[in-house]
Structure formats: structure tokens, C-alpha cells
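Chemist: Structure below; questions to follow.
The values are calculated or read from the model by the stated rules, or taken from the named source; none is laboratory data. Keep in mind the model is a prediction, meaning the values are calculated, not measured. Cβ placement follows ideal geometry from the backbone for every residue including glycine, while neighbour counts extend to all protein chains displayed. Note: areas computed on protein heavy atoms with side chains; ligands, DNA, RNA excluded. Shrake-Rupley method; radii C 1.70, N 1.55, O 1.52, S 1.80 Å.
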Amino acid sequence: MEQWTKFGKAIAGRMPVIVPLCVLLGVFFPRFFGAAGPFVPAIFAFMTFQGSLNNTLGQLIETFRHPVDLLVIIVITLVLMPLGAFALAQIFFADNTNLVTGIVLEYSVPVGIVSFMWVGIFGGNGSLALATILVSTLISPFSIPLTLSLLLGEAVAIDAVGMMSSMIFMIALPALAGMVLNELTHGWGRERLSPLITPACRVLMLVIITANSTAMSEHVLHLTWERVGVAVFILLFATTGFIWGMLAARILNRPFATFVTMSFDCGLRNISSGAVIATQYFPGEVVFPVMCGTLFQQVLASFAGRAMQWLGDEETRRQDREVSGGLAILKRRRKG
């Protein structure tokens, strides 16, 4: 068991290197890795189940009692960022409906489950992170088709019913099942089952990334300047997600733990779900912007974490200076 756990952690620690390699394998060997395509929805459902095992009703209830932070993250991720992505995509890539659709889809998917891992690494608010992941996941079968319909309208043909059915199967039902199981077993799901299947889920995530990458093989092998521009756009716009979360936390004057969570939750998306939707319901070129996100997310999360760590250290030093200054004033008054 210990070796199995170390194996899972080794994969997680090397994601910035492994993910691009998986994308390249899918691009250069589409026939071989494309064979896993039919199994991707079931694999993703299993991954969602594992991620939800860390949720408890008590944590959710506590977060819902003070829902401002949760609502702010939801508004940023599911309203403001899709609107911003759509507006900018219309400016830069208006002539290519598939690329615009892929960009909007990229920023319409729920908060990434992997954000919980980063929140834990950098001392964030775990309860808020779990609640946000669960809420954004549960409403995604409705929010994604609605967002695409409102922003893209008749520009693309959207099978809203089929998309909602897939999202319910891949995300909503497994998420509820994991949470209920954890609750009924009094934490056994989180403490025993989740660590047992986590390494397998990390391997399966790489399978999903590789299989979904095959859909954009033709477009990468025949790369154009327009697609290079899309990749650069995704990189820059993905960076703003972390910044939006930081700014929101600062404006609300939240503690450092909440600051960390809001940044990661706004910056990290469940790209695997977006890639599955893109490959099932849209032309291959739509997958290209979505899969570009897999190249950048983990690297950006690492940089964002380091930046937040530096800001946290600066905040601690500032508070120490204020305390020292206050003590010095008190001493002077006593002497006077």
C-alpha cells in the first residue's frame, strides 16, 4: 500500500512534465491511443467518484452557512470568465467558429478537482475548495449547455439533451455517490477507499488526456499561425483566472487560506470533462483550444502557488512589523 501511494504521489509531482508527453503521444499515435476513446466517459465517472469521496455534508453545510466566497468563485468561473473568453475570442478568432466554441467550452467547464490538491499543498481553505468543486460540478450539466447556447446561439449545433445526459453520468451522479458513500461509512470512503484508488485515478487521468489528444492530432500536425495564436491566448487567459481569484479575495479582505483557495479554484478547470464533451459533440478542431489548457494548467498552478507563498510571507512580515511597531509605541508611552 505504501509503495502504491508513493507511485500516485510521484505521478502528481511530475504532472507538468507527464501531461505534455501524454498530449504528444495522443497527437503522434492517434490510431493506437484512440482505441481508449469509448471508455473515457466511464473512466471519468470513476475519477469524479474518487474526488467526491473527500466531501462530507458537514463541510458543505458549514460553507453554505457563509456562501459569499463560494458564490463569488462560481460567478467568476461560470459567468465572468466565459463572457470574457467569448468576447476576446470574437475579436481574435471570429472567422473560425470551431476555435471560438473550443475557447468558450474551455472556460465553461466546472472547477477542476485537482485544485483541491493544490489548495492542500499551499495551506488553503479545504472546506471551501470542496464545496466549490461539488457545486460547480453538480450544476455543470445545466450550466455548460446553457452557456454555449446563450453565447454561441445558432453558430453551432448543440445537442443540449445529450450533453446534459453525459454530464449527469460523468459528473453529477458519481459526485453524489461518492459524497453519500463517505457520509454513510462515517469517513471510511475518505480515509481508506480514496487513498486506495487515488493512484489508479491519476493513471486513468493520463489515459483520458492521451485519448482525448488524438482528436486534435490532425490540427496539431498541420499547425497554423491561427492555432499558435489560440495556444498563446489560452496560456494568457488561463493566467488571469488565478489573478481574478486573488483580487476577489483581496477586495473581500479574506484571510490567506481563503485567498489561496479562491485563486486556485478560479484558475483551475476540469479540462478532462471539457475534452470529453468536445470529442463527443463537436468537430475535432474544437478540442484544440480545450486540450491546450492541459499543457499549461499544472505549470501555471505551480507558479501561482509560489507567488501566493511569497505574498503570504510578505503579509506575515508586515504583520510582524505592525506588532513590533505597536509594542515599541507602548514601551515609549510607559517610559513617558
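Chemist: Among Val40, Pro141, Leu105, which residue has its Cα positioned farthest towards the positive end of the charge dipole of segment 1-148, with +1 placed on the Cβ of Lys and Arg, -1 on the Cβ of Asp and Glu, and the dipole taken about the Cα centre?
Modeler: The residue sitting farthest along the positive end of the dipole is Val40.
Chemist: For segment 1-137, what's the relative contact order in percent, using C-alpha pairs closer than 8 Å and at least 6 residues apart?
Modeler: 24
Chemist: Taking a probe of 1.4 angstrom, what is the accessible area of Met205 in Å², to the nearest 10?
Modeler: 40
Chemist: First check a/c for segment 197-250, with a ≥ b ≥ c the square roots of the eigenvalues of its C-alpha gyration tensor; if it is under 1.5, answer rounded, and if not, answer prolate when a/b is larger than b/c or oblate otherwise.
Modeler: It is oblate, given that a/c is not under 1.5 and a/b is not larger than b/c.
Chemist: At 1.4 Å probe size, what's the solvent-accessible area of Trp4? Round to the nearest 10 Å².
Modeler: Accessible surface of Trp4 is approximately 100 Å².
Chemist: Roll a 1.4 Å probe over the protein chains and send me the accessible area per residue for segment 66-153 in Å².
Modeler: 34
Chemist: Quick one: with all protein chains in place, what share of the accessible area of segment 164-294 is carbon or sulfur, to the nearest percent (1.4 Å probe)?
Modeler: Here carbon and sulfur together make up 70 percent of the probe-accessible area.
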